[in-house]
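For reference, the structure discussed in these notes is given below.
The values are calculated or read from the model by the stated rules, or taken from the named source; none is laboratory data. This structure is a prediction, so every number in the text was calculated from the model and none was measured. Note that we place each Cβ from the backbone using ideal geometry, even for glycine, and neighbour counts take in every protein chain shown.
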């Protein structure tokens, strides 16, 4: 005979799931026991279910296949929520298996009872509670197919007395439908878009994650239109390297060249991006947007020419309709601005910058304690990381430094909480990525606030032999919040973090810990960390007052920052 739990785990193994992330608990004991007896699936016990959900989401994003996490009755299931919301907003197919009180106690306010179907109704594309073996294998298939085809979270709840129930002999093992054929845009929509582009002057491209698989077509489009290409953060992977048209990112992560590209165009052509920050879009331009999801079109900026369909199929059909634009003036101007900006950034990569005349003056303003500049740390990781490294990054200033100084060359991959914007995502996402391939280099850009929020799962890296490289930007601050306060004229408050020596914490649990306090030691430490065979935590004391100037800084931002600094000075003198 086969039990409900055994059928579920066999279906997941047949699909190709290799790991399940979670915390064991009584209601799900039949499931964890089925995993114990299934050689194709590894159980990864985390210290907090949120970390397990982040890890599963990372695996789903990297493989485009179903990934799985578990949380038992009540609090165990609730702890999954933040990681599952990240999966939802990242369009990652994740199955969450949750425990429930025994069937006879449902609805009685029993100990730890939570209504999972209600709890997960917003985060999940599918929720169901299995109350009878007769519902299987149908509910398993529905859950898996919903997650895969709607690119989201499915939650399957098993009451404590259901997982061990027997199924009729010969019950079919559930199968998931994995075929997701892309849809081509309509010829009429493409023709209208082409006519608008042909009739206009300079064009700028804004390209994102949805076009990563269409790299060749995107580059041909930029060449034909002599168009500079602003790339979203999620588009860096696959689109940034060896790209003579790219001018970096827009938004707070970006640089002035993106503003030059936007301001100087007549047509903004968006491909595969749902870039959310409306204030950075140019005004008064003709906008063409090609996106596989029609609900994304026009929700950030008005779009005159919507085109719904797959980016590669759409561009393959659009390119023959476009007339070449040989005038490269717009492209050259944006690229010149981008090259000049990148050249200016190089000064921060000199470990001795703060001791030289120009750096000495700046140090008195923004780095009086001569802490390590985060630009240097990010650039050294970029220099020494593998060409196929997987990077994860915490929300906040760590993402800024990665966006500006780490190039997604070769087969590098990139993950972050780019839509939800959660803290504490980088380390558990790195665990998930490393679980897929323990031989591949995985590097996490961790903020000190993010790392300490889920620091217990450093133990997971050690106990499950996951050789992640955790690079901690240890500035003793919630850095992005500090910057946001100061830009509107508020002195920083509540952002100071009283951190331990993270390297010593790592050593205490069996992980290699390296602490760096001097700029001249950064490169050697980075190289040592990346070359170490096991998990490493690289704790680097970085400058808390480093400023990332946005593409078009406003007078209000500058004035607010000056006011904030004066208030901070007065407060410190009191």
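Here are the numbers for this structure:
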| quantity | calculated |
| --- | --- |
| Residues satisfying the stated conditions in region 288-322, i.e. in contact (Cβ under 8 Å) with a residue 60 or more places away in the chain, under 21 Å from residue 246 (Cα atoms) and not in a helix (DSSP H, G or I) | 288, 290, 291, 322 |
| Scope region 422-454; condition in contact (Cβ under 8 Å) with a residue 12 or more places away in the chain and part of a loop (DSSP other than H, G, I, E, B); matching residues | 422, 423, 424, 425, 438, 440, 441, 454 |
| Residue in region 387-402 that is surrounded by fewer than 14 Cβ atoms within 10 Å (Cβ to Cβ) and either at pLDDT below 95 or not assigned by TED's automatic domain parsing to the domain that holds residue 86 (or both) present | yes |
| Where residue 148 falls short, out of the listed (1) in contact (Cβ under 8 Å) with a residue 40 or more places away in the chain; (2) surrounded by fewer than 22 Cβ atoms within 10 Å (Cβ to Cβ) | (2) |
| Cross-chain or 6+ apart pairs with Cβ under 6 Å, region 484-497 first and free of Cβ contacts under 8 Å to residues at least 40 places away in the same chain, then surrounded by 14 or more Cβ atoms within 10 Å (Cβ to Cβ) and part of a helix (DSSP H, G or I) | 495/481; 495/482 |
| Hey, residue 73 in contact with a strand residue (DSSP E or B) (Cβ under 6 Å, 6 or more places away or on another chain) and assigned to a loop (DSSP other than H, G, I, E, B) or not | yes |
| Some residue of region 258-275 being closer than 25 Å to residue 89 by Cβ, surrounded by fewer than 20 Cβ atoms within 10 Å (Cβ to Cβ) and in contact (Cβ under 8 Å) with a residue 24 or more places away in the chain | yes |
| Region 501-527 - residue that is surrounded by fewer than 16 Cβ atoms within 10 Å (Cβ to Cβ) and in contact (Cβ under 8 Å) with a residue 12 or more places away in the chain and, of those, farthest from residue 474 (Cα to Cα) | 510 |
| Residue match in region 120-131 (condition: in a helix (DSSP H, G or I), touching a residue at least 12 places away in the same chain (Cβ under 8 Å) and out of contact with any helix residue (DSSP H, G or I) (no Cβ under 6 Å at 6 or more places or on another chain)) | no |
| Selection count, region 14-69, where residues are over 28 Å from residue 412 (Cα atoms) and assigned to a helix (DSSP H, G or I) | 12 |
| Residue 408 being part of a helix (DSSP H, G or I), touching a helix residue (DSSP H, G or I) at 6+ places or on another chain (Cβ under 9 Å), at pLDDT 95 or above and closer than 26 Å to residue 450 by Cβ | no |
| Residues being buried (at least 20 other Cβ atoms within 10 Å of the Cβ), under 32 Å from the mean Cα position of the chain (by Cα) and assigned to a helix (DSSP H, G or I) - total across region 354-381 | 8 |
| Candidates 214, 184, 195, 191 - the one that is closer than 22 Å to residue 318 by Cα, surrounded by 24 or more Cβ atoms within 10 Å (Cβ to Cβ), out of contact with any strand residue (DSSP E or B) (no Cβ under 7 Å at 6 or more places or on another chain) and modelled with pLDDT of 95 or more | 214 |
| Selected residue (only one of 225, 158, 139 is modelled with pLDDT of 95 or more, over 30 Å from residue 121 (Cβ atoms) and touching a strand residue (DSSP E or B) at 6+ places or on another chain (Cβ under 7 Å)) | 225 |
| Extreme residue, farthest from the chain's Cα centre (by Cα), among residues of region 411-421 that are in a loop (DSSP other than H, G, I, E, B) and buried (at least 21 other Cβ atoms within 10 Å of the Cβ) | 412 |
| Which listed residue, of 190, 167, is touching a helix residue (DSSP H, G or I) at 6+ places or on another chain (Cβ under 7 Å) and more than 30 Å from residue 269 (Cα to Cα) | 167 |
